[in-house]
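Read-outs throughout are calculated quantities, based only on the coordinates presented, and are distinct from any laboratory measurement. Bear in mind the structure is a predicted one, so any value in this text is a computation, not a measurement. Quick reminder, even Gly has a Cβ in these numbers, built from the backbone with ideal geometry, and neighbours come from all protein chains shown.
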Amino acid sequence: MSGNSFGQAFRVTTFGESHGTAIGAVIDGCPPGLPVETAAIEAELARRATARSRFVSQRREPDRVEILSGVLDSVSTGTPIALLIRNADARSKDYARFRDVFRPGHADFSYQAKYGRRDWRGGGRASARETAARVAAGAIARTLLAAEGIAIRAWLAAVGELEFERGSDLEAGESNPYFCPQPERVQELEDYLQDIWKAGDSIGARVDVEATGVPAGLGEPVFDKLDAAIAQAMMSIPAVKAVAIGDGFEVVRQRGSEHRDAMGPAGFGSNHAGGTLGGISSGQPIRASVAFKPTSSIPQAVDSIDSAGNPATVKVTGRHDPCVGLRAPPIVEAMLALVLADQLLRDRAQNSKPLSRE
């Protein structure tokens, strides 16, 4: 299976399956001398963890990280960093009934069509469990970016019909398990999710993310635009169906006189473009929105087929998220961190720009 690596200068390869022995990541290209603390990585994993509320999967994984290589005395050596996260709460028997039946809306059918076989235990590589490895790698990327003054924060922007306003305090979402930027509306969100859950259904969500402190000049024109790298990163997250940069689809209703960001000695007057111009960062905050589909793992019966092509009925029960977007902000942050870390190192190599920490 190819397609398990992301990035060029800061390159991350993830491995492992949802119900296998472990998952993990190998980071190639991390500069030497970067502080790498297990506690910092596990803190990011704790933000992504399941079972933080009753409205997400109740799978309980400790997500302890083992650093196998590339770090000595809590500092990167410049060699590949290997991170291992063991699976402790896999229940493969819960998926035994799907060994020969395809779950609609999942990757079961397409994996079988491509490879002639599939890991039926929780979706294998297609499971959201794989994203823990991305968050672990992203934690190291965030350390690199922080040394350059770059910070990233994502928040829950919408769940179904509910939309949430981001205030000036981006840390407000950290006060609740849903990353809701309006903590005073958490009860409203929970009541809404409770109705969805009682109906045996699920709902989609939108996560917005912003990176501040990004210097102008990151990204490559034409095929390797910064916008394109961000879109690829976000679309690679399980359940993501749409990505927008800046105002996104709102530009359809805008006029050029409204959308263009006026410039002056003090900087830009607005940021409709989302921090990129011609595929290169403008020095403004990078803004993106990511849409997550409603999960297909719901207890409502649906028509399907088995591996022989015969009609079948599927009803999924067990530990599943009625809204996968609720715990997606740390994953979105991690993927944007991987993009920016990679672009920063590529820019440094091409234009001989030193990192500020050196």
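Among 35-42, 330-337, sorting by the average number of other beta carbon atoms lying within 10 angstrom of each residue, highest first, gives 330-337, 35-42. If I take R0 = 41 Å and measure r between the Cβ atoms of ALA266 and VAL186 in this structure, what FRET efficiency does the formula 1/(1 + (r/R0)^6) give, to the nearest 0.05? For ALA266 and VAL186, the calculated efficiency is 0.65.
Taking the helices alone, the chain has a mean residue ellipticity at 222 nm of -7500 deg cm²/dmol, built from -39,500 (n - 2.57) per DSSP H run of at least 4 residues and averaged over all its residues. Listed values for the range 103-115 are Karplus-derived 3J(HN,Hα) couplings in whole Hz (6.51 cos²θ - 1.76 cosθ + 1.60, θ = phi - 60°), namely 8, x, x, 9, 8, 3, 5, 5, 5, 4, 5, 7, 9, and x replaces Gly and Pro.
Net charge within 13 Å of LYS241 by Cβ-Cβ distance, Lys/Arg positive one each and Asp/Glu negative one each, not counting LYS241 itself?
Net charge in that neighbourhood comes out at +2.
If R0 is 25 Å, what FRET efficiency do you get for GLU37 and MET235 from their C-beta distance, rounded to 0.05?
So the FRET efficiency works out to roughly 0.25.
Pairs of lysine residues in the range 5-351 that meet both criteria, 8 or more places apart or on different chains and Cα atoms under 21 Å apart, total 7. Selection among ALA146, ALA49, GLY124 by position relative to the dipole of the chain gives GLY124 as farthest towards the positive end (Cβ unit charges, Cα centre). Taking the average, over residues, of other Cβ atoms within 10 Å as the packing measure, peptides 240-252, 121-133, 275-287 rank 121-133, 275-287, 240-252 from highest down. Using R0 = 30 Å, the C-beta based FRET efficiency linking PHE223 and ALA349 works out to 0.95. About its Cα centre, the chain has a charge dipole of approximately 1040 debye under the convention of +1 per Lys or Arg Cβ and -1 per Asp or Glu Cβ, with nothing else charged. Our estimate of slack between ARG117 and MET1, defined as 0.36 nm per intervening residue step minus the Cα-Cα distance, is 40.6 nm. Show me, for the range 73-86, the HN-Hα J-couplings you get by feeding each phi into the Karplus relation (A = 6.51, B = -1.76, C = 1.60, θ = phi - 60°), rounded to Hz, glycine and proline as x. So the Karplus estimates, Gly and Pro as x, are 6, 6, 9, 5, 9, x, 8, x, 9, 10, 10, 10, 10, 7 Hz.
Around the amide H of VAL316, modelled in the peptide plane, lie the amide H atoms of ILE298, GLN300, all under 5 Å away and 5 or more residues distant in sequence or on another chain.
How would you rank 110-116, 291-297, highest first, on the average number of other Cβ atoms within 10 Å across their residues?
Result, highest mean Cβ count within 10 Å first: 291-297, 110-116.
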